[in-house]
């Protein structure tokens, strides 16, 4: 899957799609780190073998509080999210196709409960603030 995601990133770079041309590879790795838009706590967004959840503690170290991710229904994906999902399905990449609705879905902060768009927080954490 990592090679396939690399090809997708290259295609997105040619299409001048900012953020996802460089940060889609985290999806293949199954983890993003973002901050809560309300309280600012650092969160892990996990999409993979360990499950689909957000948490503020290092989940690899043991039992931590986790909040399930809220994926967007595949039929409701739009724009780039739909394009990437459809392409993954067409190219026989079911694991990636399963993770994309979570990336373009919602998560909740385990500290304050704020619900937010995962993709929006990834963008906010990678784009420079002016």
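Worth a mention:
- Among the residues listed as 89, 84, the single one being free of Cβ contacts under 8 Å to residues at least 12 places away in the same chain and in contact with a helix residue (DSSP H, G or I) (Cβ under 7 Å, 6 or more places away or on another chain): 89
- Conditions (1) part of a helix (DSSP H, G or I); (2) free of Cβ contacts under 8 Å to residues at least 60 places away in the same chain; number of the one not met by residue 125: (2)
- Some residue of the stretch 64-74 being more than 26 Å from residue 115 (Cβ to Cβ) and surrounded by 13 or more Cβ atoms within 10 Å (Cβ to Cβ): no
- Against the test of being within 25 Å of residue 9 (Cβ to Cβ), more than 14 Å from the chain's Cα centre (by Cα) and either loosely packed, with under 13 Cβ neighbours inside 10 Å or at pLDDT 95 or above (or both), the options 60, 119, 90 yield a single qualifying residue, 90.
- Whenever a residue of the stretch 24-38 is at positive phi, its partners that are at pLDDT 95 or above and crowded, with 16+ Cβ neighbours inside 10 Å, lying with C-beta atoms within less than 6 angstrom and at least six residues away or across chains, give the pairs 30/47.
- Filter result for residue 74 (on the phi < 0 side of the Ramachandran plot, in contact with a strand residue (DSSP E or B) (Cβ under 7 Å, 6 or more places away or on another chain) and in contact (Cβ under 8 Å) with a residue 12 or more places away in the chain): no
- Number of the condition not met by residue 41 [criteria: (1) touching a strand residue (DSSP E or B) at 6+ places or on another chain (Cβ under 8 Å); (2) without any contact (Cβ under 8 Å) to a residue 60 or more places away in the chain]: (2)
- Total residues in the stretch 90-110, condition out of contact with any strand residue (DSSP E or B) (no Cβ under 7 Å at 6 or more places or on another chain), assigned to a helix (DSSP H, G or I) and under 19 Å from residue 49 (Cα atoms): 7
The values are calculated or read from the model by the stated rules, or taken from the named source; none is laboratory data. All of these numbers come straight from a predicted model, not from anything done at the bench. Ideal geometry is used to build each Cβ from the backbone, glycine not excepted, and the neighbour counts take in all protein chains shown.
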